[in-house]
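Engineer: Sharing a structure below in structure tokens format, with a few things to ask.
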Amino acid sequence: MEELLEKLETYRREIRETELTNPDAAESYRIRFLGTKGIVKNLFHEMKTVPAEKKKEFGQILNEFKLFAESKYEEAKSINHQPSTINQIDWSLPGDPIPLGTRHPISLVRNRIVEIFGRLGFSVAEGPEIEDDWHNFTGLNMPADHPARDMQDTFYIHQNPDWLLRTHTSSVQARVMEKQKPPIRIICPGRVYRNETVSARAHCFFHQTEGLYIDENVSFADLKQTLYFFVQEMFGKSVKPRFRPSYFPFTEPSAEMDINCLICGGAGCNVCKHTGWVEILGSGMVHPKMLQNFHIDPNKYTGFAFGMGVERICQLKYRINDLRLYSQNDLRFLRQFVAAD
Ligand code: PHE
């Protein structure tokens, strides 16, 4: 009896110290302790060597031992049943961040322009980047020999010399006037092309947003007020806009709009060419000849148009001093932009 109790104690220690961390270890344990020829069974066989008056007491001890050996196995089974990595995961570790893209600064500014004019009732119109001569030039009062074409040299398509890459979004005005009758109130964001040598200040492609409003009694005051509203929404109430007389073949009278240089605050820098002012758009009242070209009665309707450079607005908003950065796809540059304001 003493001997048996000692054996039991040794087995208990062994069970306590055994680690059943994988299914193989659990299976060998089961065979050794709980199998048909296992230790538990053998111990029960040894009951017959125990004196009769001790049988009851020893029986209880043995039953407890059996439960103890079984519970160890059950516990191991439930742990090993889970996927094997589950015990190795530290649930308190922070997760891997999911990399999120950012919007291109040109898209941010374009979206903001569309949103601001959207509040004034302008809707978005789009046109093709490969244009014909009529919609890009001739229809806009710029016949083949017009000197204004000099400033807008572009790329022509081999197969058809009448096709070119549009030089401005004013081509979309032409396409809309062709199809739609007044009132017309549209904004046309898009990419444009010019035959320029690429440098910090010029590029062979860039972006513009055109605006066109045609209705009865549209005046120059409406044009000014609309553009004042726009710059204040875009750059804040303290922005200082000014209009300068200018010339475009498709508007009369015409004006360019400048704002105070936000880069140097007026002190003078190379963005404002040391004048304190930066040009952001061209504008004017739609030329009566244009209206006629597109079968809109100039005696009944008047309108204004404007076209702004998106890169320039972006430059002032984010202080970007090299046009090439916009198209180099350098992630260090692109990741810096989160919102337009
Ligand atoms: N299309 C002109 C340009 O690219 C800008 C402009 C648009 C001017 C509409 C007047 C009216 O320079």
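Engineer: Looking only at segment 156-175, which residues are away from the ligand (no atom under 13 Å from the Cβ) and either assigned to a strand (DSSP E or B) or modelled with pLDDT of 95 or more (or both)?
Structural biologist: Restricting attention to segment 156-175, the residues satisfying the condition of being away from the ligand (no atom under 13 Å from the Cβ) are 156-165, 175.
Passing the criteria: 156, 157, 160, 161, 162, 163, 164, 165, 175.
Engineer: Looking only at segment 194-217, count every residue that is assigned to a loop (DSSP other than H, G, I, E, B), of a type in the set (A, V, I, L, M, F, W, C) and within 15 Å of the ligand (Cβ to nearest atom) and tell me the total. Full working, then the answer.
Structural biologist: So the first thing to find is which residues in segment 194-217 are assigned to a loop (DSSP other than H, G, I, E, B), and the list is 194-204, 216-217.
Restricting the remaining residues to those that are of a type in the set (A, V, I, L, M, F, W, C) gives 198, 200, 202, 204.
This time we only want the ones that are within 15 Å of the ligand (Cβ to nearest atom), so: 202, 204.
Within segment 194-217, residues that are assigned to a loop (DSSP other than H, G, I, E, B), of a type in the set (A, V, I, L, M, F, W, C) and within 15 Å of the ligand (Cβ to nearest atom) number 2.
Engineer: A further question follows. So which residues in segment 89-133 are among the aromatic types (Phe, Trp, Tyr) and surrounded by 15 or more Cβ atoms within 10 Å (Cβ to Cβ)? Quick ask: steps written out before the conclusion?
Structural biologist: In the first step, residues of segment 89-133 are kept if they are among the aromatic types (Phe, Trp, Tyr); the result is 91, 117, 122.
Answer for segment 89-133, where residues must be among the aromatic types (Phe, Trp, Tyr) and surrounded by 15 or more Cβ atoms within 10 Å (Cβ to Cβ): 117, 122.
Engineer: Test each condition in (1) out of contact with any Lys or Arg (no Cβ under 9 Å at 6 or more places or on another chain); (2) closer than 21 Å to residue 120 by Cα; (3) within 14 Å of the ligand (Cβ to nearest atom); (4) open to solvent by 40 Å² or more (accessible area, probe 1.4 Å) for residue 187 and report the one that comes out false.
Structural biologist: Residue 187 satisfies all of (1) out of contact with any Lys or Arg (no Cβ under 9 Å at 6 or more places or on another chain); (2) closer than 21 Å to residue 120 by Cα; (3) within 14 Å of the ligand (Cβ to nearest atom); (4) open to solvent by 40 Å² or more (accessible area, probe 1.4 Å) except (4).
Engineer: Given the criterion away from the ligand (no atom under 16 Å from the Cβ) and acidic (Asp, Glu), identify the matching residue among 258, 297.
Structural biologist: Details: 258 fails: away from the ligand (no atom under 16 Å from the Cβ).
Criteria check complete, one pass: 297.
Engineer: Still on this structure: So, in segment 140-152, how many residues would count as being within 13 Å of the ligand (Cβ to nearest atom) and either open to solvent by 10 Å² or more (accessible area, probe 1.4 Å) or not in a loop (DSSP other than H, G, I, E, B) (or both)? Steps first, please.
Structural biologist: First, pick out the residues of segment 140-152 that are within 13 Å of the ligand (Cβ to nearest atom): 140-142, 148-152.
Filter once more, so that each one left must be either open to solvent by 10 Å² or more (accessible area, probe 1.4 Å) or not in a loop (DSSP other than H, G, I, E, B) (or both): 140-141, 148-152.
Of the residues in that region, 7 qualify.
Engineer: So, of the residues in segment 212-241 that are aliphatic (A, V, I, L, M) and either open to solvent by less than 40 Å² (accessible area, probe 1.4 Å) or in contact with a Lys or Arg (Cβ under 6 Å, 6 or more places away or on another chain) (or both), which turns out to be nearest to residue 264 (Cα to Cα)? Outline the logic, then answer.
Structural biologist: Let us first name the residues in segment 212-241 that are aliphatic (A, V, I, L, M), namely 212, 214, 218, 221, 223, 227, 231, 234, 239.
From what's left, either open to solvent by less than 40 Å² (accessible area, probe 1.4 Å) or in contact with a Lys or Arg (Cβ under 6 Å, 6 or more places away or on another chain) (or both): 212, 214, 218, 223, 227, 231, 234, 239.
Values: 212: 32, 214: 37, 218: 36, 223: 28, 227: 23, 231: 18, 234: 18, 239: 13 Å.
Checking each candidate, the answer is 239.
Engineer: Taking the condition open to solvent by less than 50 Å² (accessible area, probe 1.4 Å) and touching a residue at least 24 places away in the same chain (Cβ under 8 Å), does residue 293 pass?
Structural biologist: Values: open to solvent by less than 50 Å² (accessible area, probe 1.4 Å): yes; touching a residue at least 24 places away in the same chain (Cβ under 8 Å): yes.
Judged against the criteria, residue 293 is a match.
The values are calculated or read from the model by the stated rules, or taken from the named source; none is laboratory data. This one's a predicted model, so the numbers in the text were calculated from it and none came from an experiment. In this analysis, Cβ positions are derived from the backbone assuming ideal geometry, glycine residues included, and neighbour counts consider all displayed protein chains. The area values use the complete protein model at the heavy-atom level, side chains included, leaving out ligands, DNA and RNA. Shrake-Rupley method; radii C 1.70, N 1.55, O 1.52, S 1.80 Å.
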